[in-house]
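The values are calculated or read from the model by the stated rules, or taken from the named source; none is laboratory data. Keep in mind that this is a model prediction, so the values were computed, not measured. All Cβ positions, glycine included, derive from the backbone under ideal geometry; neighbour counts span all protein chains shown. Heavy atoms of the whole protein, side chains included, go into the accessibility calculation; ligands, DNA and RNA do not. Shrake-Rupley method; radii C 1.70, N 1.55, O 1.52, S 1.80 Å.
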Amino acid sequence: MMGSCNNRFFVPVHGTAQYKDYQEIKIQEVYKTLKPGMIPRSIIVILEDNLVDLVKPGDDVMISGMFIMRWKPPFFNQARPEIEVAVLANNITVLNKRDFNIK
């Protein structure tokens, strides 16, 4: 019968662990591009390996990446999980000193 294993005890296999640098940042729309009274939207961006620590709070950035869905576990057993959209980044360009116009 498939899926009938109820064992909750796991033993790590030594020498098989893989580690990588990981960081999550939240980016939001530039205030200059919004109409008066609008609230800027934001999204989580996942940075891995050499992209970690490239940006600091307040930087203007351009990010290339892939949209992914992340499942948040429910608070209650009977509730449905919440799905969050995030970006898995593969390139970041810091635009702090450039004059950019987004239409």
### Query
Could you give every pair whose Cβ atoms fall below 9 Å, whose first residue belongs to region 63-89 and is within 30 Å of Val30 (Cβ to Cβ) and open to solvent by 50 Å² or more (accessible area, probe 1.4 Å), and whose second residue is among the hydroxyl-bearing types (Ser, Thr, Tyr) and part of a strand (DSSP E or B), counting only separations of at least 6 or pairs across chains?
Ser64/Thr93
### Task
Please find, among Pro40, Pro57, Pro36, the residue that is assigned to a loop (DSSP other than H, G, I, E, B), closer than 24 Å to Val85 by Cβ, open to solvent by 100 Å² or more (accessible area, probe 1.4 Å) and free of Cβ contacts under 8 Å to residues at least 24 places away in the same chain.
Pro57
### Query
Which residues, counting only those in region 1-47, are hydroxyl-bearing (Ser, Thr, Tyr) and at pLDDT below 85?
Ser4, Tyr31, Thr33
